[in-house]
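The values are calculated or read from the model by the stated rules, or taken from the named source; none is laboratory data. Keep in mind it's a predicted model, so treat the numbers as computed, not measured. Positions of Cβ are backbone-derived with ideal geometry, glycine not excepted, and every protein chain shown enters the neighbour counts. Protein only, heavy atoms only, side chains kept; ligands, DNA and RNA dropped before computing areas. Shrake-Rupley method; radii C 1.70, N 1.55, O 1.52, S 1.80 Å.
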Amino acid sequence: MGFLTEIFGIGASVASGGLFGLLGSIVGAGSKYLQEKQRQAWQRQKWAYETELLKLQMEARALETEQELAIVSQRGAWDGLTYSVDAEMSVRNVHTWVNDLRALFRPCLTLCLWVIASILFFAVVSGRLVDWISAAELTGLVRYMVYTVFFSASTATVWWFGDRALMPPGFKNR
């Protein structure tokens, strides 16, 4: 019977080695799976961070571009004022009535633009243009009037105060 016990002991030893090897393999595979899952989660976090960083860089560039446009716009306004004053001062050796006529041109233009703007506005509001303009076109016409005639009249008015660009809110730097 001792022989049988020995064979049974050797078989149990072989079986336990196989079981422990199988168990070690399963634990190793599970460990590798968890490591890969953590690595992928870290990679996703890294990509999300890089994406957020790229978005912030794009926003910063957009703000920088807007600031550069504002600077260029201001520089253009001042250059326009300088050229206008220089052009005004460059006219010499002409008759007095020519200078008088030139001096009255801007006030007359400003006054005429405000008269035209007023006539058009009251004609549209009172409905006298309904024969030529449908009710559906009325909204677009009023918007167009504001953007053109009133803008021109306002620009002619602010010309006197040294500014060349009276802009409605939201239209700056376009």
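Under 30 Å from GLU64 (Cα atoms) and either open to solvent by 80 Å² or more (accessible area, probe 1.4 Å) or at pLDDT 75 or above (or both): which single residue out of PRO169, PRO107 fits that description?
Just one listed residue meets the conditions, PRO169.
Considering only region 129-150, state which residues are of a type outside the set (A, V, I, L, M, F, W, C) and either surrounded by 11 or more Cβ atoms within 10 Å (Cβ to Cβ) or assigned to a helix (DSSP H, G or I) (or both).
Within region 129-150, GLU137, THR139, GLY140, ARG143, TYR144, TYR147, THR148 meet the criteria.
Of the conditions (1) in a helix (DSSP H, G or I); (2) open to solvent by 90 Å² or more (accessible area, probe 1.4 Å), ARG92 satisfies every one except a single condition; which number is it?
Going through (1) in a helix (DSSP H, G or I); (2) open to solvent by 90 Å² or more (accessible area, probe 1.4 Å) one by one, ARG92 breaks only (1).
Give the residue, chosen from TYR49, TYR83, that is at pLDDT 80 or above and farther than 30 Å from ALA153 by Cβ.
TYR49
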